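Reading through the structure tokens given below for one structure.
The values are calculated or read from the model by the stated rules, or taken from the named source; none is laboratory data. Everything numeric in this text was worked out from a predicted model, so none of it was measured. We place every Cβ from the backbone using ideal geometry, glycine too, and count neighbours over all the protein chains shown. Protein only, heavy atoms only, side chains kept; ligands, DNA and RNA dropped before computing areas. Shrake-Rupley method; radii C 1.70, N 1.55, O 1.52, S 1.80 Å.
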Amino acid sequence: MGMTITEKILADHAGRKEVSPGQLINAKVDIALGNDITAPIAIEQFKRAGAKRVFDKEKVVLVPDHFVPNKDIKSAEQCKILREFAREHGLTHYFEVGEMGIEHALLPEKGLVLPGDLVAGADSHTCTYGALGAFSAGVGSTDLAAAMVTGELWFKVPETIKLIYYGQLRTWVSGKDLILYTIGRIGVDGALYKAMEFVGETIDHLPMSGRFTMANMAIEAGAKNGIFHPDRMTEQYVKGRAKRDYHFYTSDANAHYSEILDFDVSKIEPQVAFPHLPSNTRGISEVEEVFIDQSVIGSCTNGRLDDLREAARVLKGHRISSNVRLIIIPATPMIFRKAMKEGLFDIFLDAGAVISPPTCGPCLGGYMGVLAKGERAISTTNRNFVGRMGHPESDVYLSNPAIAAASAVLGRIGGPEELGKRG
Amino acid sequence: MKLKGKAWKFGPNIDTDAIIPARYLNVTDPEELAQHCMEDESPRFGREVKDGDMIVAETNFGCGSSREHAPIAIKAKGVSCVIAKSFARIFYRNAFNMGLPIVESDEAVDGIQGGHELDVDLDKGEIRNRPTGKTYKVSPIPAFMQEIIDDGGLMEHIARRRS
């Protein structure tokens, strides 16, 4: 029996010739990641276990990005724990404010995560790195502590669902729409405990930014990991960033899949996920009048340069509705600088948007755009659970950056075509 | 281990933002987290839950974020056990690592209503519903995870293996 890309990466990291779904293995991790929410608990566990040093100071990565720059005294204390731990253990990859970006955009950009890696991160969106052809899964703080000490972690080899995408993408349809549509079809636990393997001719042409967005939201279908086959586009992205060797794995032709689904993407229009589940999706043409108070463009899902360019194409020459606050958050300092140099900031500021430094802030109702009671937001983030962006009686709608930008102008949820934008 | 307590019934897809809203993630103190457990989902739960009570939920309990604050808050609230049809995978790992007992059973969830008094025998893998007299078998815990529990948690398990 052949193996899937996920099984091959797990097998190699467990020092085995082969593995099969359901098997419990101990695997070596290439990167162990934590942030200002999860690492404080991991550090506490690390100390409680009497550990003296991390397994490899190059491979333990700490990124304070959620409530940073510190939103309040309590957050400041949490970040201080990370900073002091990073100094004490001489961690190579600790990112202070100024160098800090949203972790899942930052690590690939810095070449810290590479194809074929096994990554354990104490953040559920760690699955983002599957876009590079890595096995990458979110874990909790205690798991992170264990990985920090031993450089290993136990995993149950997941079954794999193969998702095949074919056909030509419509105008204003991107990776975000493909993954929202997919979650809408299979549900928020449609891939529970499983690997989602994204393949097909559409995927072959999908830019890295779109792949990151899709892998990022695999967790929203309950998946353990989302994964893409590395190809020329991956090579181009990694080349010049990688400072160590990497490996391209590919699924065997006779690999076993628990399920195979296919999608004709030419039938998929821009998607909007209604409150309060990412699976509660509708095509933009089926959205009736939904007025909004806020639009957020950013996050580990859609805060990359391509996303900002898409938003700028829509916003150019327009002014946002006086009823809407538009918050744009470039995900990393490099994205911030490039967007600025390309003149995107002028377009955003002319439109009436505010530009924030990199932070996860509003996505999880932390700060930098918290919603009041009864308010509605459209957001390019990944979750629209009850109270996700603030008051328990506020609503979040999820979309791609073009829809979020157009909605900010319209004052209600709508697409760029309504502004006469043909793509 | 034998547990007993009253059932608190919840629906499907109870996410980690419902278990512990992100606005409280600037702290890690279990007692402080417990004060806000299920705050937006069920204010009554926060006020009335008693030590030993159990959460009984439909599918995909604990979906969403990786925050270990979720099982920490539930445990510190005094909840002795979570029974669900299925758990989100990160929550599942976290619960074991934190020593919060969790069991999966479709039949038990269907047969239990809020307020029912329950007995859970983790060693035998049984849930007994006192008012209905029904007994349900739960899916067995993988032997490997039982070892983690027996050692008292993941970090203790690692310490033992390395010594």
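Which of the following residues is in contact with a Phe, Trp or Tyr (Cβ under 6 Å, 6 or more places away or on another chain), crowded, with 23+ Cβ neighbours inside 10 Å and either over 25 Å from A:TYR237 (Cβ atoms) or hydroxyl-bearing (Ser, Thr, Tyr) (or both): A:THR182, A:THR126, A:THR213, A:THR160?
Among A:THR182, A:THR126, A:THR213, A:THR160, only A:THR160 is in contact with a Phe, Trp or Tyr (Cβ under 6 Å, 6 or more places away or on another chain), crowded, with 23+ Cβ neighbours inside 10 Å and either over 25 Å from A:TYR237 (Cβ atoms) or hydroxyl-bearing (Ser, Thr, Tyr) (or both).
Starting from region B:136-151, keep only residues that are surrounded by 15 or more Cβ atoms within 10 Å (Cβ to Cβ), then list their pairs with residues that are assigned to a loop (DSSP other than H, G, I, E, B) whose Cβ atoms are within a distance under 6 Å, requiring at least 6 positions of separation or different chains.
What qualifies is B:TYR136/B:SER105; B:VAL138/B:SER105; B:VAL138/B:GLY125.
Evaluate region B:106-119: report whether one residue or more is touching a helix residue (DSSP H, G or I) at 6+ places or on another chain (Cβ under 6 Å), farther than 18 Å from B:PHE10 by Cα and open to solvent by 30 Å² or more (accessible area, probe 1.4 Å).
no
So A:ALA51 fits all but one of (1) under 22 Å from A:TYR246 (Cβ atoms); (2) in a loop (DSSP other than H, G, I, E, B); (3) among the aliphatic types (A, V, I, L, M); what number is the exception?
(1)
Anything in region B:80-108 that is among the basic types (Lys, Arg) and more than 9 Å from chain A (Cβ to nearest Cβ)? List them, or say none.
Within region B:80-108, just B:LYS85 meets the criteria.
Please pick out the residue among A:ASN400, A:ASN382 that is touching a residue at least 24 places away in the same chain (Cβ under 8 Å), closer than 27 Å to A:VAL97 by Cβ and crowded, with 24+ Cβ neighbours inside 10 Å. Talk me through it step by step, then tell me what you get.
Numbers: A:ASN400 fails: closer than 27 Å to A:VAL97 by Cβ.
After ruling out the rest, the residue left standing is A:ASN382.
Look at A:GLU109 and say whether it is surrounded by fewer than 24 Cβ atoms within 10 Å (Cβ to Cβ), modelled with pLDDT of 95 or more and under 22 Å from B:MET145 (Cα atoms).
no
Which numbered condition in (1) part of a helix (DSSP H, G or I); (2) at the interface with chain B (Cβ under 10 Å from one of its Cβ atoms); (3) over 25 Å from B:HIS69 (Cβ atoms); (4) not hydroxyl-bearing (Ser, Thr, Tyr) is the only one that A:GLY22 fails?
The failed condition is (1).
Open to solvent by 10 Å² or more (accessible area, probe 1.4 Å), within 23 Å of A:GLU393 (Cβ to Cβ), part of a strand (DSSP E or B) and away from chain A (no Cβ under 14 Å): is that true of B:LYS9 in this structure?
Taking the combined requirement at face value, the residue satisfies it.
Quick check, is A:PHE55 in the same structural domain as A:ALA134 (by TED's automatic domain parsing), among the aromatic types (Phe, Trp, Tyr), more than 27 Å from A:MET196 (Cα to Cα) and open to solvent by 50 Å² or more (accessible area, probe 1.4 Å)?
Yes; evaluated as a whole, the condition is true for this residue.
So which of A:THR150, A:THR142 ends up being open to solvent by 20 Å² or more (accessible area, probe 1.4 Å), within 14 Å of chain B (Cβ to nearest Cβ) and either in contact with a Leu (Cβ under 7 Å, 6 or more places away or on another chain) or under 16 Å from A:LYS59 (Cβ atoms) (or both)?
A:THR150
Considering only region A:63-87, state which residues are surrounded by fewer than 18 Cβ atoms within 10 Å (Cβ to Cβ) and among the small types (Gly, Ala, Ser).
Passing the criteria: only A:ALA76.
Quick check, is A:LYS110 within 22 Å of A:GLN271 (Cα to Cα) and either charged (D, E, K, R) or under 14 Å from the mean Cα position of the chain (by Cα) (or both)?
Here the answer is no, as A:LYS110 does not meet what is asked.
Pairs needed: first member in region A:207-234, touching a residue at least 60 places away in the same chain (Cβ under 8 Å); second member anywhere, among the acidic types (Asp, Glu); C-beta distance under 7 Å; at least 6 residues apart or different chains.
Filtered contacts from region A:207-234: A:PRO207/A:ASP306; A:SER209/A:ASP306; A:SER209/A:ASP307; A:ILE227/A:GLU197.
Matching residues to (1) touching a helix residue (DSSP H, G or I) at 6+ places or on another chain (Cβ under 6 Å); (2) within 13 Å of chain A (Cβ to nearest Cβ):
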| position | (1), (2) |
| --- | --- |
| B:PRO30 | yes, yes |
| B:CYS37 | yes, no |
| B:GLU41 | yes, yes |
| B:ARG44 | no, no |
| B:LYS50 | no, no |
| B:ASP53 | no, no |
| B:ASN60 | no, yes |
| B:SER65 | yes, yes |
| B:GLY78 | no, no |
